[in-house]
Amino acid sequence: MDEIKKGLKNSDEIKKSLESKYIGSEIYYYSEVDSTNNLAKRLAENGAIEGTIVISDTQKSGKGRMGKKWESPTGGIWLSMVLRPKVSLKKAPLITLATGVAVARTLKGIGVDAKIKWPNDVLVDNKKISGILTEANANFNTLDYVVVGIGIDTNLNPETFSEELRANTTTLKRELDQEINDFEIIPKLLKEMEEVYNLFKEEEYEKILSQWRELSQTIGKSVKIRQPLGKVLEGYAIGINNEGVLIIELEDGSFKKIVSGECINNE
Ligand code: BTN
């Protein structure tokens, strides 16, 4: 019961400062869940409206990309949203890029110089501060719903991360040298998300891509990409096409389109 009360209080706290029109119109707030993405998917299956948000103080089984775990103790923003774009499945990667833009812009808005590493890691000074996990469900080729999960390390101390993460991770508290009020950041994030997602719905893909390119620290650099089955490709990142696919030039001068993977050397 206490948990429910706490959840309602926190939802109200966010709703009070909401600047978005439909993203965040329904907020489910928990103190602990397995994964906000899993819960958002269950809500979407049961008809949750576009813009429904799930937030939790902690996640027992937070999920990262490429099957990795996402460490989610108290002190971060762990949030997922349900979107229902009526477009082809091929466009799903653009939603992930759009989310990267929204997160980076939110962080820039509070004075942090955030950059995006392809496809969707948000970095400050080359250290990861935020990750995005998009899970799409389609009927034939049309998207039914998309769950976009965002994790932002706000008030954590990097020293408390596992050894694997410690060297390459930072937090807002560390960058700004002060505690952050998540309830001030979440409404800003939802507003940025609504703006860029509206561009997506209006099929203004080029506008999203140009914002992404401006924030990107991958394009124009030599990169090493680990693909989902483990194969590593090295090349020069030429750009992203209008479906959000990364184009790299390999050493032999040929071009390769990369739909998904992880950029493992992007300084
Ligand atoms: C990554 O960079 O690997 C993506 C991390 C995504 C983490 C967020 S936290 C909220 C949402 N729920 C999850 O289980 N994962 C995403």
(request) Determine the principal axes of the Cα atoms in the range 220-267, then give the extent along each, sorted from largest to smallest and rounded to whole angstroms. (result) 24, 22, 21
(request) Note the angle between two axes, namely the Cα long axis of helix 36-45 and the longest principal axis of the Cα atoms of the chain, as a number of degrees from 0 to 90, rounded to the nearest 10. (result) 80 degrees
(request) Would you mind telling me the antiparallel percentage of the DSSP bridges in the range 18-126, rounded to 5? (result) 60 percent
(request) Would you work out which of Ile53, Ala104, Phe140 lies farthest towards the positive end of the dipole of the chain, given +1 charges on the beta-carbon of Lys and Arg and -1 on that of Asp and Glu, about the Cα centre? (result) Phe140
(request) Give the angle, between 0 and 90 degrees and rounded to the nearest 10, that separates the Cα long axis of helix 182-201 from the longest principal axis of the Cα atoms of the chain. (result) 50 degrees
(request) Keeping all protein chains in place, calculate the accessible area per residue for the chain (probe 1.4 angstrom), answer in Å². (result) 48 Å²
(request) Determine ³J(HN,Hα), in whole Hz, for all residues of the range 135-146 in sequence, where each value follows from phi through the Karplus function 6.51 cos²θ - 1.76 cosθ + 1.60 and θ = phi - 60°; x replaces Gly and Pro. (result) 10, 10, 10, 10, 9, 6, 9, 9, 5, 8, 8, 10
(message) Rounded to whole Å, give me the distance from the Cα center of the range 147-222 to that of the range 75-102.
(response) 12 Å
(message) Charges on Cβ only, +1 for Lys and Arg, -1 for Asp and Glu, centred on the Cα centroid of the range 148-246; of Leu229, Gln211, Thr170, which one is farthest towards the dipole's positive end?
(response) Leu229
(request) Count neighbours as other Cβ atoms within 10 Å of each site's Cβ, and list the trypsin sites (Lys or Arg not before Pro) in the range 180-267 that are DSSP loop with at most 13 such neighbours. (result) Lys231
(request) Report, to the nearest whole %, how much of the accessible area of the chain belongs to carbon and sulfur atoms, 1.4 Å probe, protein only. (result) 47 percent
(request) Could you tell me whether the range 110-267 comes out rounded, prolate or oblate from its Cα gyration tensor? Rule is a ≥ b ≥ c as square roots of the eigenvalues, rounded for a/c under 1.5, then prolate if a/b exceeds b/c, otherwise oblate. (result) oblate
(message) Using the crude model of +1 on Lys and Arg Cβ and -1 on Asp and Glu Cβ, and no other charge, please compute the dipole size for the chain relative to its Cα centre, in debye to 20.
(response) 460 debye
(request) Could you list the GluC sites (Glu not before Pro) in the range 105-198 that lie in coil according to DSSP, counting only those with at most 16 other Cβ atoms within 10 Å of their Cβ? (result) Glu179
(request) Identify which of Asn37, Asn155, Asn242 has the largest mean-square fluctuation in a Gaussian network model of the chain, with springs joining Cα atoms closer than 10 Å. (result) Asn242
(request) Sort the range 87-201 into rounded, prolate or oblate with this rule: let a ≥ b ≥ c be the square roots of the eigenvalues of the Cα gyration tensor; rounded if a/c is under 1.5, and if a/c is not under 1.5, prolate when a/b is larger than b/c, oblate otherwise. (result) prolate
(message) With a cut-off of 8 Å between alpha carbons and a minimum separation of six or more residues, what is the relative contact order of the chain in percent?
(response) 18 percent
(request) With springs connecting C-alpha atoms under 10 Å apart, model the chain as a Gaussian network and identify which of Ser80, Ser222, Ser162 has the largest mean-square fluctuation. (result) Ser162
(message) Restricting to DSSP H runs of at least four residues, report the calculated mean residue ellipticity at 222 nm for the chain, -39500 (n - 2.57) per run over all residues, nearest 500 deg cm²/dmol.
(response) -9500 deg cm²/dmol
(request) Please build a GNM for the chain, connecting alpha carbons under 10 Å apart, and tell me which residue among Leu176, Leu97, Leu18 fluctuates the most. (result) Leu176
(request) Just the number, please: percent antiparallel of the DSSP beta bridges in the chain, rounded to the nearest 5. (result) 85 percent
(message) Stokes-Einstein diffusion coefficient for the chain at 25 °C in a medium of 0.890 mPa s, Rh from the Kirkwood formula over Cα pairs: what value in µm²/s?
(response) 131 µm²/s
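The values are calculated or read from the model by the stated rules, or taken from the named source; none is laboratory data. What you are looking at is a predicted structure, and each value in this text was computed from that prediction instead of being measured. Cβ atoms come from the backbone with ideal geometry, glycine included; neighbour counts cover every protein chain shown. Areas reflect the complete protein model, heavy atoms only, side chains present, ligands, DNA and RNA absent. Shrake-Rupley method; radii C 1.70, N 1.55, O 1.52, S 1.80 Å.
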